[in-house]
Amino acid sequence: MIVKKTVIAVGIVFAMVGCVSTGGSGKVVRVDPRDMQDTDANYGAEDLHIFVQKMVSAMLQTPVIASASKKPYLALGNIGVGVGVDEHIDTKLIKNSIRTNLIKSTRVNFIDSEYIDGLEKKEGKFIKKDYELTGDVHSIKKDTGSTIDNFYALTLKLTDVKTSVIVWSEEKEIRKIVNR
């Protein structure tokens with residue numbers, strides 16, 4: 001009787017282990033992160049790549065960078081998420097991708113403001129930034145029941161820190177519509 005109960009218990013355990021999900025029931029397929037893989041109307045990796053490509057391309061063409069006699073020093077400021085955005089948009093990822101692509105261009109230098117802010121400042125020890133890059137992400141969402149319409153906009157500006165003049169500004173909009 002004890003052996004029979006033990007065999008049944010072991011059988012139940014094996015059956016339960018077989019039912020445990022390992023993160024999905026399908027086959028895992030690796031894809032190129034730059035491939036467009038929209039699966040719904042929400043903000044995703046495709047949108048990040050579109051935003052970054054547009055902003056970096058436009059910024060590299062602005063006269064303060066394109067015709068600069070020396071590589072300007074930029075610092076990344078805040079890229080905020082606008083009021084009313086009801087989903088998570090990782091602005092740090094946007095900033096990191098823009099910075100990485102601009103550095104790869106070899107046309108700008110970046111000041112690590114976060115690093116400098118954490119140090120005790122001594123006059124003359126740090127290179128000063130020439131420009132600060134800031135911006136906002138906004139979204140407008142509509143769901144009529146039969147249609148989902150999601151609109152996203154990223155606006156960036158490059159400000160001369162000595163004069164406070166905005167020397168460059170760009171906006172990229174993305175709109176996704178899904179009919180049910």
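The values are calculated or read from the model by the stated rules, or taken from the named source; none is laboratory data. Just so it is clear, the structure is predicted and the values come from calculations on it, not from any experiment. Every residue, glycine as well, gets a Cβ built from its backbone with ideal geometry; the counts of neighbours run over all protein chains shown.
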Flagged in region 38-61 as crowded, with 17+ Cβ neighbours inside 10 Å and of a type in the set (D, E, K, R), in numbering order, are GLU46, ASP47, LYS54
Considering only region 79-95, I want to know if a residue exists there that is surrounded by 13 or more Cβ atoms within 10 Å (Cβ to Cβ), basic (Lys, Arg) and either more than 23 Å from THR62 (Cα to Cα) or modelled with pLDDT of 95 or more (or both).
no
Which fully enclosed helices (runs of 4 or more DSSP H) of region 32-120 have 3 or more residues being free of Cβ contacts under 8 Å to residues at least 40 places away in the same chain?
45-61, 91-104, 113-117
Can you name every residue in region 125-166 that is among the aliphatic types (A, V, I, L, M) and either crowded, with 18+ Cβ neighbours inside 10 Å or closer than 30 Å to VAL178 by Cβ (or both)?
LEU133, VAL137, ILE140, ILE148, ALA153, LEU154, LEU156, LEU158
Touching a strand residue (DSSP E or B) at 6+ places or on another chain (Cβ under 8 Å), assigned to a strand (DSSP E or B) and without any contact (Cβ under 8 Å) to a residue 12 or more places away in the chain: which single residue out of LYS142, LYS176 fits that description?
LYS142
Failed condition for LEU156, given (1) closer than 24 Å to ARG34 by Cα; (2) assigned to a helix (DSSP H, G or I); (3) in contact with an Asp or Glu (Cβ under 9 Å, 6 or more places away or on another chain):
(2)
Taking VAL64 and the conditions (1) at pLDDT 90 or above; (2) exposed (fewer than 15 other Cβ atoms within 10 Å of the Cβ); (3) closer than 23 Å to LEU133 by Cβ; (4) over 18 Å from the mean Cα position of the chain (by Cα), which numbered condition does it fall short on, given that it satisfies the others?
(2)
